[in-house]
1. Connecting C-alpha atoms closer than 10 Å in a GNM of chain B, tell me which of B:71, B:87, B:50 has the biggest fluctuation.
2. Dipole of the protein assembly as shown, Cα-centred, from +1 at each Lys and Arg C-beta and -1 at each Asp and Glu C-beta, to the nearest 20 debye?
3. With springs only between Cα atoms under 10 Å, which of B:53, B:73, B:12 fluctuates most in a Gaussian network model of chain B?
4. To one decimal place, what Kirkwood hydrodynamic radius in Å is obtained for the range A:71-115 from all pairs of distinct Cα atoms?
5. Can you give the relative contact order of chain B as a percent, counting alpha carbon pairs under 8 Å and 6+ residues apart?
6. What are the nm distances, shortest first, from residue B:1 to its equivalents in the other copies, labels at 7 Å along Cα→Cβ?
7. If r is the Cβ-Cβ distance from residue B:133 to residue A:137 and R0 is 51 Å, what FRET efficiency results, to the nearest 0.05?
8. As an exercise, identify the GluC sites (Glu not before Pro) in the range B:98-144 lying in DSSP coil whose Cβ has no more than 11 other Cβ atoms within 10 Å.
2 protein chains.
Amino acid sequence: MLQKFSAYQWDGIDVLRYKEDGSPFRDVTRQVLFHGAPDIPCEWRYFEVGPGGYSTLEHHEHTHWVLILRGSGRCLLGDRIADISFGDRIEIPAWQWHQFRATNNEPLGFLCLVNQARDKVTLPTEADLAELKKDPAIKQFLEEE
Amino acid sequence: MLQKFSAYQWDGIDVLRYKEDGSPFRDVTRQVLFHGAPDIPCEWRYFEVGPGGYSTLEHHEHTHWVLILRGSGRCLLGDRIADISFGDRIEIPAWQWHQFRATNNEPLGFLCLVNQARDKVTLPTEADLAELKKDPAIKQFLEEE
């Protein structure tokens with residue numbers, strides 16, 4: 001089945017709240033492009049972060065496969081901050097801290113593939129945050145408003 | 001891990017032959033973006049069809065999840081021919097005949113997700129082709145050179 005794309009939305013696919021669990025984030029939407037198939041036990045989602053927005057800083061057991069589909073920004077991957085833009089490919093392994101930020105006055109949109117059966121995300125404790133912020137670049141990245 | 005994208009190639013990812021099995025196709029390359037993870041038993045590939053090229057006309061048991069990443073063209077999905085362009089989302093269920101063609105004087109590039117464990121593709125028999133070509137639009141689509 002073909003579902004046409006226009007302006008970063010797809011026919012018949014709802015634009016959803018990014019999260020419903022009270023996690024901190026700013027200006028992020030979620031669309032579920034594929035919910036699973038008999039032989040593909042995965043979900044393939046599209047997330048879009050508005051200019052100045054950011055996804056939740058989190059980590060978890062499950063793997064993320066990410067491909068940037070729109071715009072540019074920066075992301076934290078473990079102890080590294082990287083510039084990201086259209087087409088970049090990112091694999092986030094188990095328990096790596098990560099956050100996506102639309103830092104360039106444009107939306108940052110990305111595809112993200114996960115298993116259907118996955119653990120809930122874990123947010124950083126105060127101690128985790130203090131440890132991450134020992135790196136001045138990470139401190140600046142996380143505190144940017 | 002981040003792998004940067006430039007000109008529809010990715011750092012450290014090889015551009016491969018589309019197929020090695022002698023199936024008919026024209027001017028198609030393959031890059032494997034993700035090979036599988038402990039909790040994602042899938043492969044996420046990028047295929048690119050050069051202008052005037054086409055993928056193999058085939059069907060198989062395994063599901064394809066496709067998202068158009070570059071350019072435009074047309075595809076056959078079962079008994080339907082559709083125009084496709086950047087962002088379009090396609091789910092190809094088990095045993096649906098399909099072929100992608102770069103009919104618009106530009107490359108047609110698409111992401112395609114499959115299970116790692118999958119059946120080999122089946123090519124059409126002469127009888128299958130005759131059945132498909134009963135539809136004049138499909139006949140024209142399949143015979144375009």
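Since every read-out is calculated from the coordinates, none of them should be taken as a lab result. Just so it is clear, the structure is predicted and the values come from calculations on it, not from any experiment. Because the Cβ atoms are built from the backbone with ideal geometry, glycine has one as well, and the counts that use them run over all protein chains shown.
1. Taking springs between Cα atoms under 10 Å, the residue moving most is B:87.
2. 320
3. Evaluated over chain B, the most mobile residue of the options is B:12.
4. For the range A:71-115, inverting the mean 1/r across all distinct Cα pairs yields 11.1 Å.
5. Answer for chain B is 24 percent.
6. In nanometres, ordered from closest: 3.6.
7. Approximately 0.25, to the nearest 0.05.
8. B:144
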